[in-house]
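Undergrad: One structure, pasted below without further comment.
Derivation of every value follows stated rules applied to the coordinates shown; laboratory data play no part. In this text, all values refer to a predicted model and were calculated from it rather than measured experimentally. So basically every Cβ, Gly included, is an ideal-geometry build from the backbone, and we count neighbours across all protein chains shown.
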Amino acid sequence: MSADSAAVEIVDLVKAYGSRRAVDGLSLHVPRGGVLALLGPNGAGKTTTIEICEGFRRADSGVVRVLGLDPIADAEQLRPRVGVMLQDGVGGYTAATASELLRLFASYAADPHEPGALLEVVGLTDAGHTPVKRLSGGQRQRLSLALALVARPELVFLDEPTAGMDPQARRGTWELIRRLRVDGVSVVLTTHFLDEAEQLADTVMVIDAGRVVAQGSPAELTRAGAEGQIRFRAIPHLRLDLLVLALPAGSQAREPEPGRYLVTGEVTPQLLATLTAWCASQHVMAEDLAVERRTLEDVFLDLTGRELRA
Ligand SMILES: Nc1ncnc2c1ncn2[C@@H]1O[C@H](COP(=O)(O)OP(=O)(O)OP(=O)(O)O)[C@@H](O)[C@H]1O
Ligand SMILES: [Mg+2]
């Protein structure tokens, strides 16, 4: 395959368990060197999608290409080039120590990272001689990340890389993922954390019930649709029909409760200035005025009617 083929290309992927479609016609494209975050609630189909890319599950239909290859038929060729961090962590080898396990994985690789240095990067130097079964959940996650990276893969799949990590470990992991990007490694990660997707990904794909409900850069996603809103309090029953005439086109104004107002639209300095000027012209004092920007959480809620951590 040509060197310029995508890191991951999925077209119309379907995977059902019984009559239930865990992945229902999903397509995605990750360019080489790109960082894609799959964001979605429990059961959205993130792990299923990722494990199909890793060659651990078989698609019912659709096309899946990883580094231009077939994840199952070309598994042997892909293994040294792809790093995998499973959602359920390190599993099996639990009697070994963290350091032994990492050395073992390194011994399979042509040009591995130095295991001791990598343990340090993931903050496990002190726990290096602890049997894996005695590591805490967060430490196991970090080991699992180190195992995914030790062979210097071109592409890594990270299924909830920071689940169960304390804030400091989480920051460290973000730093590590940022470094991967600098090194040109392609990354596909899943997360429930909006800030994580926002911080790390070039492209965020919001999935729900096995389908893509939105995708774009974090900035594009939060800009899409009604961009933001302004809340304020004032005397009840303002003439909102007149206010709307004064506001930039596309803005809306509501009074969800008497004396509480909500203006939605593209939040610009003009919108704010027009709103306050209109209130002044009506001799109305706008109080507790607050500009609220849409977050990815709002976008998700709008798209699916559900909270992310449903
Ligand atoms: N081996 C399996 N057998 C039967 N059903 C499965 C299996 N694996 C996943 N499912 C179902 O497929 C759907 C998608 O699961 P998946 O693990 O891909 O979701 P997820 O987005 O990774 O969720 P989470 O955020 O909880 O990790 C769920 O309804 C799940 O119950
Ligand atoms: Mg999962």
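Undergrad: Mind listing just one residue for me: the one in the range 239-257 that is within 39 Å of the chain's Cα centre (by Cα) and part of a loop (DSSP other than H, G, I, E, B) and, of those, nearest to residue 279 (Cα to Cα)?
TA: Selected residue: 247.
Undergrad: May I pose another question? Only one of these conditions is not met by residue 47: (1) within 25 Å of residue 218 (Cβ to Cβ); (2) away from ligand 1 (no atom under 16 Å from the Cβ). Which number is it?
TA: Only one criterion in (1) within 25 Å of residue 218 (Cβ to Cβ); (2) away from ligand 1 (no atom under 16 Å from the Cβ) is unmet by residue 47, namely (2).
Undergrad: I need the helices (runs of 4 or more DSSP H) fully contained in the range 39-123, keeping only those with at least 2 residues that are over 18 Å from the mean Cα position of the chain (by Cα).
TA: Numbers: elements: 46-53, 75-78, 98-107, 115-121.
Qualifying helices (runs of 4 or more DSSP H): 75-78, 98-107, 115-121.
Undergrad: Still on this model: Residue 144 - would you say it is hydroxyl-bearing (Ser, Thr, Tyr) and surrounded by fewer than 23 Cβ atoms within 10 Å (Cβ to Cβ)?
TA: no
Undergrad: Another question, if that's okay. Can you work out which of the residues in the range 62-86 that are within 16 Å of ligand 1 (Cβ to nearest atom) and free of Cβ contacts under 8 Å to residues at least 60 places away in the same chain is nearest to residue 144 (Cα to Cα)?
TA: So in the range 62-86, the residues within 16 Å of ligand 1 (Cβ to nearest atom) come out as 62, 64, 71, 84-86.
Next, from what is left, pick out any that are free of Cβ contacts under 8 Å to residues at least 60 places away in the same chain: 62, 64, 71.
Working: 62: 30, 64: 25, 71: 21 Å.
Here the answer is 71.
Undergrad: Can you confirm whether residue 25 is within 16 Å of ligand 1 (Cβ to nearest atom) and either farther than 19 Å from residue 187 by Cβ or surrounded by fewer than 22 Cβ atoms within 10 Å (Cβ to Cβ) (or both)?
TA: The answer is yes for residue 25.
Undergrad: Right, something else. State which residue is surrounded by the fewest Cβ atoms within 10 Å (Cβ to Cβ) when the search covers only the range 151-162 and only residues that are assigned to a loop (DSSP other than H, G, I, E, B) and in contact (Cβ under 8 Å) with a residue 60 or more places away in the chain. Walk me through how you get there before you give the answer.
TA: Taking the range 151-162 and keeping what is assigned to a loop (DSSP other than H, G, I, E, B), we get 151-154, 160-162.
From the residues that got through so far, the ones that are in contact (Cβ under 8 Å) with a residue 60 or more places away in the chain too are 151, 153-154, 160-161.
On the way: 151: 21, 153: 22, 154: 18, 160: 23, 161: 26.
Here the answer is 154.
Undergrad: Please name all residue pairs, on different chains or six or more residues apart, with Cβ atoms under 6 Å, provided the first residue is in the range 194-223 and is at negative phi and the second residue is among the basic types (Lys, Arg) and surrounded by fewer than 22 Cβ atoms within 10 Å (Cβ to Cβ).
TA: 222/294
Undergrad: Now for a separate question. Restricting attention to the range 127-144, and to residues there that are in contact with a helix residue (DSSP H, G or I) (Cβ under 9 Å, 6 or more places away or on another chain) and either assigned to a loop (DSSP other than H, G, I, E, B) or under 19 Å from residue 49 (Cα atoms) (or both), which single residue is nearest to ligand 2 (Cβ to nearest atom)?
TA: The selected residue is 135.
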